[in-house]
Structure formats: structure tokens, C-alpha cells
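Engineer: My questions will all concern the structure given below.
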Amino acid sequence: MTAMIETPITRLLDAAGVAYRRLEHSEPVYTIETAAAQRGVVRGEMVKSILLREAGGARRAVMACVLGDDRLDPKAVRDYLDAVDAGWRRLTFASDEEIRHMTPGERGAVAPLGLAPEIPVVFDEAIAAYVSVNISSGDPWLGLELAAQDLIRLAGAQTAAIARHGDELS
């Protein structure tokens, strides 16, 4: 029997008294497709957590989240942030080093929890329509299922239209 995996994300959920289900993997997973297959869920229930950085200048960061079947629209994220707090520049995907430095996970195992308070979290508005969703635990051997509203609340997330949905991806 293996030891129970504990991560900064599971400790945060436990401390907050948030109910969640542990979904252990038989191998480390780094993609939505593999994670969904390992967990026995559909991709649409998965939340992709994507760390973005400003290009040049102050290099602020934002965590943007969309459902597994959707594609993130970085321009929509920037437009939303700029409307709330003027001055955001073009956004690019964070490097592996930036992800390790700013999140309690690694590329492919990032969750929108446990971030520094200066990093805003923006969820696509479609996530709020789900009863439960799946996120990474920060460890590629473990996924987590929890209520979407608990995730939004605990992440301190704002919601906006930041995804290109399945029928818009062509």
C-alpha cells in the first residue's frame, strides 16, 4: 500500500473544511486527456489552470481557468483584467520556471489554489454552471473532485467569458 499523497492544495482544502474526493492515478499525468481517462470522468468536467504573464514591463501574472473541452482566449483575459484594473499588457503563457516559482505545482499539475494574493484568478463563466469539477492537486499522481462553487470561492476567482468553446474552436 502506498502512502496517501498530501499536497499544499489538499492541506488548503482540509484547513478550509472543503469536501473533496481524491482521484489517484496509476501513473503521473500531465494532460487533460490522460487525467480524464485516469479519473474516469469526461474532459468537460476538468478545469485547466493556466498561468499567464504580461509580456515585458512589470510582468504581472494571472491564473486563468477554463473547462477541459475549451480553449483559453488570452486576449479575452487581458481585456477583462484591463476593464477591472487598467494597464494590463498582452499576456503570454508562463514558463516552467515561472510556474514552479508562483504555484504549488508544476506544468500539467497546476491548480488555481495556493497562489500569492497579488495573482488574480479568473474562471471562465461556464465553470460556475457545473455542480462539481476536477482539478489537479499539484501532484501528477493525484486529481481532486470538488464542488465548483467551493473552488470558485476558495480561489477568490472572478468569472468572465474567457474561453473559446468546443463549437468555436475550428
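Engineer: Residues to consider are 66, 47; find the one that is closer than 27 Å to residue 118 by Cβ and touching a Gly at 6+ places or on another chain (Cβ under 9 Å). Walk me through it before giving the result.
Structural biologist: On the way: 66 fails: touching a Gly at 6+ places or on another chain (Cβ under 9 Å).
Only one candidate qualifies: 47.
Engineer: Which condition from (1) out of contact with any His (no Cβ under 6 Å at 6 or more places or on another chain); (2) closer than 21 Å to residue 163 by Cα is the one that residue 70 breaks?
Structural biologist: Of the numbered conditions (1) out of contact with any His (no Cβ under 6 Å at 6 or more places or on another chain); (2) closer than 21 Å to residue 163 by Cα, the odd one out for residue 70 is (1).
Engineer: Same structure again: Restricting the search to region 128-142, which residues are more than 12 Å from the chain's Cα centre (by Cα) and crowded, with 18+ Cβ neighbours inside 10 Å?
Structural biologist: First, the residues of region 128-142 that are more than 12 Å from the chain's Cα centre (by Cα): 128-132, 139-142.
Hits for region 128-142 are 139, 140, 142.
Engineer: Go through region 12-67 and give me each residue that's exposed (fewer than 14 other Cβ atoms within 10 Å of the Cβ) and touching a Ser or Thr at 6+ places or on another chain (Cβ under 7 Å).
Structural biologist: Passing the criteria: only 55.
Engineer: Here are 98, 33: which of them is touching a residue at least 12 places away in the same chain (Cβ under 8 Å), acidic (Asp, Glu) and touching a Lys or Arg at 6+ places or on another chain (Cβ under 8 Å)? Steps first, answer last, please.
Structural biologist: On the way: 33 fails: touching a residue at least 12 places away in the same chain (Cβ under 8 Å).
Every option except 98 fails the conditions.
Engineer: Which one of these does residue 89 not meet: (1) touching a helix residue (DSSP H, G or I) at 6+ places or on another chain (Cβ under 8 Å); (2) surrounded by fewer than 18 Cβ atoms within 10 Å (Cβ to Cβ); (3) within 23 Å of residue 16 (Cβ to Cβ)?
Structural biologist: All conditions pass for residue 89, except number (3).
Engineer: Could you count how many residues in region 92-115 are surrounded by fewer than 16 Cβ atoms within 10 Å (Cβ to Cβ) and basic (Lys, Arg)?
Structural biologist: Total satisfying the criteria: 1.
Engineer: Here are some residues: 53, 78. Which one is part of a strand (DSSP E or B) and farther than 19 Å from residue 152 by Cβ? Show your work before the answer.
Structural biologist: On the way: 78 fails: part of a strand (DSSP E or B).
None of the others qualify; the one that does is 53.
Just so you know, all these numbers are worked out from the coordinates, no wet-lab data involved. Just so it is clear, the structure is predicted and the values come from calculations on it, not from any experiment. For neighbour counting, all protein chains shown are included, and Cβ atoms are generated from backbone atoms with ideal geometry for every residue, glycine included.
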